[in-house]
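> Below is one structure. I have some questions about it.
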Amino acid sequence: MATKLTVLSNGSLRVEGTEIELVDAQGNAYGLGGRERISICRCGLSANKPFCDGSHKGHFEHDATAFDLPAPGTAPAKPTTPPAAPAQPLG
């Protein structure tokens, strides 16, 4: 099974695969005990970082909706502004 990362709405990053390796900044591996599914904290509130412990509930909002990144070396797309609402006549 290929490694799969799922960005969960209002929650963690779920990592699934048969050969997950998670290392710290120095390259030391975390012992995953043979798990084929882990959840990584992305809210910063977990007491068990880098793993999710559910502390985000009610404190973290993000609607996980996929989008395409621009090709490397291209300028990022500028955000579009919604059109102004038409003026409402008074009275």
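Rule-based calculations on the coordinates, nothing more; no lab input. These numbers come from a predicted model, not from an experiment. All Cβ positions, even for glycine, are placed from backbone atoms using ideal geometry, and neighbour counts span all protein chains on display.
> What distance in nm separates the two pseudo spin-label positions at THR18 and PHE60, each 7 Å out from Cα along the beta-carbon direction?
That separation, rounded to one decimal, is 3.0 nm.
> Multiply the residue gap between ALA47 and SER9 by 0.36 nm, knock off their C-alpha separation, and tell me the result in nm, one decimal place.
Working: separation 38, 0.36 × 38 = 13.68 nm, distance 2.02 nm.
Extra length from ALA47 to SER9 when fully extended: 11.7 nm.
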